[in-house]
Amino acid sequence: SAEIMVLDTRNAPLLQSIMPELAQKRVVFVGETHDRYDHHLNQLAVIQALYARNPQLAIGLEFFQTSTQPVLDDYIAGEIDEQTFLEKTKYYDRWQYDYRLYQPIINFARDNQVPLVALNLPSEITKKVSKEGLAALSAEEKQLIPESIDREVPGYRRRIESVFHGHP
């Protein structure tokens, strides 16, 4: 069973004091408020500290849709420039937050060949499910969504409801 550590940032310990424990985790989520640059700098600090301990990591990003994964791979590999990267991922159409908020994290990934992983489902699927339900998905579309979601993780419901309340 996975052990989950949740830190309340209002009483956050110094990063260096939690790094030994964070570095033992297979997955580390660092939450943020999308338009807060300081939150993204905190994310970058965690990424850099994890990378310094073990460069074998990847960075998952919710603002890229899974269909854009090949573009993220090309950008990290240096095969396309930043403008092409932004155009091909449709960043400004699909996410719309100032790219400069996320740019330091993405630059760190590219400079250090750290894979970026697109985490968001295509918006066409999420819109379809919100209007018609899961049953409306085709067999091909169903293959793009997780087989199951573990809703029994302690605190999951409370955390997910707080997220839902922050979105229209």
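The values are calculated or read from the model by the stated rules, or taken from the named source; none is laboratory data. Quick caveat: nothing in here was measured; it's all calculated off a predicted structure. Counting neighbours? That spans all protein chains shown, and the Cβs are built from the backbone with ideal geometry, glycine included. These accessible areas exclude ligands, DNA and RNA; they are computed on the full protein's heavy atoms, side chains included. Shrake-Rupley method; radii C 1.70, N 1.55, O 1.52, S 1.80 Å.
Between ASP150 and LEU22, the FRET efficiency from the beta-carbon distance, with R0 = 25 Å, is close to 0.75. Using Cβ point charges alone (K and R +1, D and E -1), the dipole size of the chain about the Cα centre works out to roughly 460 debye.
Counting only protein heavy atoms and a 1.4 Å probe, tell me what percentage of the chain's accessible area is made up of carbon and sulfur. The partial results should precede the final answer.
Working: 6020 of 11860 Å².
Exposed carbon and sulfur together represent 51 percent of the surface.
Calculated accessible area for the chain comes out at 71 Å² per residue, all protein chains present (probe 1.4 Å; ligands, DNA, RNA ignored).
Around ARG100, under 12 Å between beta carbons, what's the net of Lys plus Arg minus Asp minus Glu among the other residues? Don't skip to the end; give the middle numbers.
Working: positive: none; negative: ASP35, GLU82, ASP98.
Charge balance near ARG100 sits at -3.
Structure note, pairs LYS90/LYS127; LYS25/LYS128; LYS90/LYS142; LYS25/LYS127; LYS25/LYS90; LYS25/LYS142: Cα-Cα distances above 26 angstrom occur for LYS25/LYS128; LYS25/LYS127; LYS25/LYS90; LYS25/LYS142.
With the Cα gyration tensor of region 58-155 in hand, give its eigenvalues times 5 under a square root as the equivalent ellipsoid semi-axes, listed largest first in whole angstrom.
Details: eigenvalues 151, 51, 34 Å².
Ellipsoid half-lengths, sorted descending, are 27, 16, 13 Å.
Model label points for LEU57 and ASP111, set 7 angstrom from Cα along the Cα-to-Cβ axis, are 1.5 nm apart.
Normalised by the empirical 2.2 N^0.38 Å for globular proteins, what value does the Cα Rg of the chain take?
Relative to the 2.2 N^0.38 Å estimate, the chain comes out at 1.12.
What ratio of Cα Rg to 2.2 N^0.38 Å holds for region 21-112? My calculation over the Cα atoms of region 21-112 gives 1.08. In the chain, helices alone account for a calculated mean residue ellipticity at 222 nm of -13000 deg cm²/dmol, with every DSSP H run of four or more residues adding -39,500 (n - 2.57).
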